[in-house]
Every structure is written in structure tokens, then in C-alpha cells.
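Trainee: My questions will all concern the structure given below.
The values are calculated or read from the model by the stated rules, or taken from the named source; none is laboratory data. Quick caveat: nothing in here was measured; it's all calculated off a predicted structure. All Cβ positions, glycine included, derive from the backbone under ideal geometry; neighbour counts span all protein chains shown. Remember, those area values only see protein heavy atoms, side chains included, never the ligands or the DNA or RNA. Shrake-Rupley method; radii C 1.70, N 1.55, O 1.52, S 1.80 Å.
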Amino acid sequence: MRPRTTPNVKAWEELPDRSLTFSLATKGTARGKWYGQVALADATGERSKAVVNTSQRSALPHWFTELGGRMRRKEAVKPTKGTDADALVVLVKAGDHATMIRLYFATKVWILSERIILPARA
């Protein structure tokens, strides 16, 4: 998902270039749900995103607290052959577009607005 236009707010001007992708979970109790990787917009401007791994979960901004019960390690929801097994993902029900939009705001919009930068991975 990606916005087509944004309000005329400097911190948000990059948002049409940012997206959040959801994939089908295929393992365990997550099977049949969709998951989105917790990849924060990079407020430093050095890269497009900062993928959050499970060791950084406690450093997330306070607005992620209510998502805690939906967060999983990627390897728990889908087999992975790459290096992203420790990536943090958030589960949503299929078709729950409102929650998908909220996740976009949590990972992109508010991160850029508040200029949130997580500490390096542990």
C-alpha cells in the first residue's frame, strides 16, 4: 500500500515513495492471516527504510504498544530462506484494510513526523 497524494506537510512529502507490503502467513496459528514487516521510514534520509528485528521491539515508539499481541518473528509466520528470519512482523486479518492503513501511519507517517530513529540492532 502507498498513498497517491499527501497533505502539504514537509515531513510527509516523501510518503508517496514509501510503501508497506502485506503477504500471506503460512505457518502455525498465523496461517491465513496477512503480515506486514515492521520497516520504519528512515528519518535520517540515508536509506528508504529501517527494518526492525525482534531485538529492537522494546525500542519502538509508544504507539506500537497496542500492536504487541499481533507482533511476531517472521520465521514464526512464514518459512524464510533469506536473512530476515528475525525481522519483526505484524499480523492482520485478511481484508482488514483499516488496520493496514493504521500500520502504514505507525511505520511511515508518524515516524517521519516525529523524526524517530531507533538505536542500532543488538
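Trainee: Filter segment 46-67 down to residues that are in a loop (DSSP other than H, G, I, E, B) and either in contact with a Ser or Thr (Cβ under 7 Å, 6 or more places away or on another chain) or surrounded by fewer than 18 Cβ atoms within 10 Å (Cβ to Cβ) (or both), then give me how many there are.
Mentor: Looking only at that region, the number is 4.
Trainee: Could you list, in sequence order, the residues of segment 93-122 that are of a type in the set (Gly, Ala, Ser) and either outside any loop (DSSP other than H, G, I, E, B) or at positive phi (or both)?
Mentor: Once the filter is applied, which keeps residues that are of a type in the set (Gly, Ala, Ser) and either outside any loop (DSSP other than H, G, I, E, B) or at positive phi (or both), segment 93-122 yields GLY95, ALA98, ALA106, SER113.
Trainee: Given the structure, is SER19 out of contact with any strand residue (DSSP E or B) (no Cβ under 7 Å at 6 or more places or on another chain) and modelled with pLDDT under 85?
Mentor: Yes, satisfied.
Trainee: Another one. What's the number of the only condition in (1) open to solvent by 20 Å² or more (accessible area, probe 1.4 Å); (2) at pLDDT below 95; (3) not hydroxyl-bearing (Ser, Thr, Tyr) that ASP42 fails to meet?
Mentor: So the condition that ASP42 fails would be (1).
Trainee: Among the residues of segment 27-64 satisfying the criterion of being among the hydroxyl-bearing types (Ser, Thr, Tyr) and more than 21 Å from ILE101 (Cβ to Cβ), which is farthest from the chain's Cα centre (by Cα)?
Mentor: THR29
Trainee: List every residue pair whose Cβ atoms lie under 8 Å apart, where the two residues are 6 or more positions apart in sequence or sit on different chains, the first residue falls within segment 68-92 and is under 17 Å from LYS33 (Cα atoms) and in a loop (DSSP other than H, G, I, E, B), and the second residue, located anywhere, is open to solvent by 70 Å² or more (accessible area, probe 1.4 Å) and among the hydroxyl-bearing types (Ser, Thr, Tyr).
Mentor: So the pair list comes out empty.
Condition check ((1) over 21 Å from SER23 (Cβ atoms); (2) in contact with a strand residue (DSSP E or B) (Cβ under 7 Å, 6 or more places away or on another chain); (3) open to solvent by 60 Å² or more (accessible area, probe 1.4 Å)) across all residues:
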position	(1), (2), (3)
PRO79	no, no, yes
THR83	no, no, yes
ASP86	no, yes, yes
VAL90	no, yes, no
THR99	no, yes, no
LEU103	no, yes, no
ALA106	no, no, no
VAL109	yes, no, no
SER113	yes, no, no
